[in-house]
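Novice: This is the structure I have questions about; it appears just below.
The values are calculated or read from the model by the stated rules, or taken from the named source; none is laboratory data. What you see is a predicted model, and the numbers here were worked out from it, not measured in a lab. Cβ placement follows ideal geometry from the backbone for every residue including glycine, while neighbour counts extend to all protein chains displayed. Ligands, DNA and RNA are excluded from the accessible area calculation, which covers all protein heavy atoms including side chains. Shrake-Rupley method; radii C 1.70, N 1.55, O 1.52, S 1.80 Å.
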Amino acid sequence: QVQLVESGGGLVRAGGSLRLSCAASGFTFSSYAMGWFRQAPGKEREFVSAITRSGGSTYYADSVKGRFAISRDNAKNQVYLQMSSLKPEDTAGYYCARTPSLYYFTSNEYDYWGQGTQVTVSS
C-alpha cells in the first residue's frame, strides 16, 4: 500500500534551518510529482512547494521562496524540504503528498498524504 512518512521536524530558533524528509513506498515514486503542504492550528492547509516527477521543475509559495528548497532522490524514493531562515510564522505541521496531476498548488490534486511532522520556530 502507498505510504508516505515524514521526518525531520522539531523545535528551532528563528533564523535556523531544518531539513524535512519524506520516505515513499508502495508505488512507483518516479511516476508522481510530490508536494509539501503545511497547516498551522486554526488555519487551512496551504501549499508550500512541489517538484515534478524528474525533479526538473520546482515550485514554491511566495512566503517561502528563497528560503526553502525542495528536492528528490528517485533512487531512494525520498523527497526533501530544506528550510532555511526560518520564521515563527513557519510554525506548522508539514505534510508531504503525491499527485498524479499536472497542477500542484491545491491540496485536492493530491491523493495520498503522510501523517505530518511538526515544525516549531521560536522567536
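Novice: Can we say G15 is under 22 Å from T120 (Cα atoms), under 12 Å from the mean Cα position of the chain (by Cα) and not hydrophobic (A, V, I, L, M, F, W, C)?
Specialist: For G15, the condition - under 22 Å from T120 (Cα atoms), under 12 Å from the mean Cα position of the chain (by Cα) and not hydrophobic (A, V, I, L, M, F, W, C) - is not met.
Novice: I would also like to ask the following. Restricting attention to the stretch 1-12, report how many residues are more than 13 Å from C96 (Cα to Cα) and in a strand (DSSP E or B).
Specialist: 3
Novice: Could you please find all residues in the stretch 102-123 being more than 19 Å from S7 (Cβ to Cβ) and either of a type in the set (G, A, S) or not in a loop (DSSP other than H, G, I, E, B) (or both)?
Specialist: Within the stretch 102-123, S107, N108, E109, S122, S123 meet the criteria.
Novice: Search the stretch 101-123 for residues that are aromatic (F, W, Y) and pair each with any residue that is part of a loop (DSSP other than H, G, I, E, B) when their beta-carbon atoms are under 7 Å apart and the residues are at least 6 apart or on different chains.
Specialist: From the stretch 101-123, the pairs are Y112/V2.
Novice: Please count how many residues of the stretch 102-123 are open to solvent by 70 Å² or more (accessible area, probe 1.4 Å), within 14 Å of F47 (Cα to Cα) and touching a Phe, Trp or Tyr at 6+ places or on another chain (Cβ under 9 Å).
Specialist: Residues flagged as open to solvent by 70 Å² or more (accessible area, probe 1.4 Å), within 14 Å of F47 (Cα to Cα) and touching a Phe, Trp or Tyr at 6+ places or on another chain (Cβ under 9 Å) within the stretch 102-123 amount to 2.
Table: residues versus (1) farther than 19 Å from G8 by Cβ; (2) of a type in the set (G, A, S).
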site	(1), (2)
K65	yes, no
R72	no, no
M83	no, no
A92	no, yes
C96	no, no
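Novice: Mind listing whichever residues of the stretch 40-56 are over 11 Å from the mean Cα position of the chain (by Cα), without any contact (Cβ under 8 Å) to a residue 60 or more places away in the chain and open to solvent by 50 Å² or more (accessible area, probe 1.4 Å)?
Specialist: Correct list: P41, G42, K43, E44, R53, S54, G56.
Novice: If you go through the stretch 82-101 one residue at a time, do you hit one that is modelled with pLDDT under 95, over 17 Å from Q3 (Cα atoms) and either surrounded by 15 or more Cβ atoms within 10 Å (Cβ to Cβ) or in contact with a strand residue (DSSP E or B) (Cβ under 8 Å, 6 or more places away or on another chain) (or both)?
Specialist: The answer is yes; a qualifying residue exists.
Novice: In this structure, is L11 modelled with pLDDT of 95 or more and surrounded by 14 or more Cβ atoms within 10 Å (Cβ to Cβ)?
Specialist: So L11 does not fit the description; no.
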